[in-house]
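Single-structure report; data block below.
The values are calculated or read from the model by the stated rules, or taken from the named source; none is laboratory data. What you see is a predicted model; the values in this text were computed from it and never measured. Note that we place each Cβ from the backbone using ideal geometry, even for glycine, and neighbour counts take in every protein chain shown.
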Amino acid sequence: MFARSTTIHGKPENVDRLVDFVRDTVMPSLTETEGCLGISLMVDREQGHCIATSSWLDEQSLRASFASLGEVRDEAARILGGFAGVEEWEIAAMHREHFTHQGACARAVWLRTDHTEMDRGIGIYRDVLLPMLEALPGFCSASLMVDRETRRACATTAFESRDAMEASREESWAIRERGVREAGVDVLDAAEFELAIAHLRVPEVV
């Protein structure tokens, strides 16, 4: 399974317009695109930081869809008043306790690792960190996406509410630190978002 994330930093006052565009225009178009499984949209309304992620059945579908969705990415960037950056990922792990609903939030952590440590890091995430994340109050789902060429990874954990996400910060930090030590990865960035659209629809990958 594969994914493409489009990240836009734009004007906070335009976030609602972007949410409407993705829900009303992008989602219906994607559902008709061969190989597409779904889409999610994470937004930080204060910073104007938005990440739309589409999921794909295989790498062929992912690659084939890139050019045809170029106009959609450009329009999304225009609406938010920013520029779109695109990353493509292999979905290395996906576990869902239950589907998210309105009010759900997510924490994303971006990482970098050595080429030789990528598979080891994925194993540690699946076998050690994922059970710990699942035990957090308000846990909804967790995923790990990797780019083997750039050695980057993105781990995202979704919670049923902002209160649950905020309450998990200290314990989540401890879990992350354990993963950093055992997998030998570097933390590049971390951010928290409202999960405005949650229709990624990726099956379990564990």
Legend entry - Test result for residue 129, in a helix (DSSP H, G or I), touching a helix residue (DSSP H, G or I) at 6+ places or on another chain (Cβ under 8 Å) and either at negative phi or at pLDDT 95 or above (or both): yes
Inset, instruction - Determine the pairs where a residue that is assigned to a helix (DSSP H, G or I), located within region 57-85, has a partner that is surrounded by 14 or more Cβ atoms within 10 Å (Cβ to Cβ) and of a type in the set (A, V, I, L, M) with Cβ atoms under 6 Å apart, the partner being 6 or more residues away or on another chain. - result: 72/26; 73/84; 77/8; 77/84; 79/18; 80/8; 80/18
Legend entry - So residue 184, is it among the small types (Gly, Ala, Ser) and surrounded by 21 or more Cβ atoms within 10 Å (Cβ to Cβ): no
Inset, instruction - Starting from residues that are buried (at least 19 other Cβ atoms within 10 Å of the Cβ) and over 21 Å from residue 192 (Cβ atoms), keep the ones in region 2-51 and report whichever is nearest to the chain's Cα centre (by Cα). - result: 4
Inset, instruction - Quick one: residue 176 ticks every box in (1) part of a strand (DSSP E or B); (2) more than 13 Å from the chain's Cα centre (by Cα); (3) of a type in the set (Lys, Arg) except a single one, so which number is it? - result: (1)
Inset, instruction - Quick one: count up the residues across region 52-92 that are buried (at least 21 other Cβ atoms within 10 Å of the Cβ), under 13 Å from the mean Cα position of the chain (by Cα) and of a type outside the set (S, T, N, Q). - result: 3
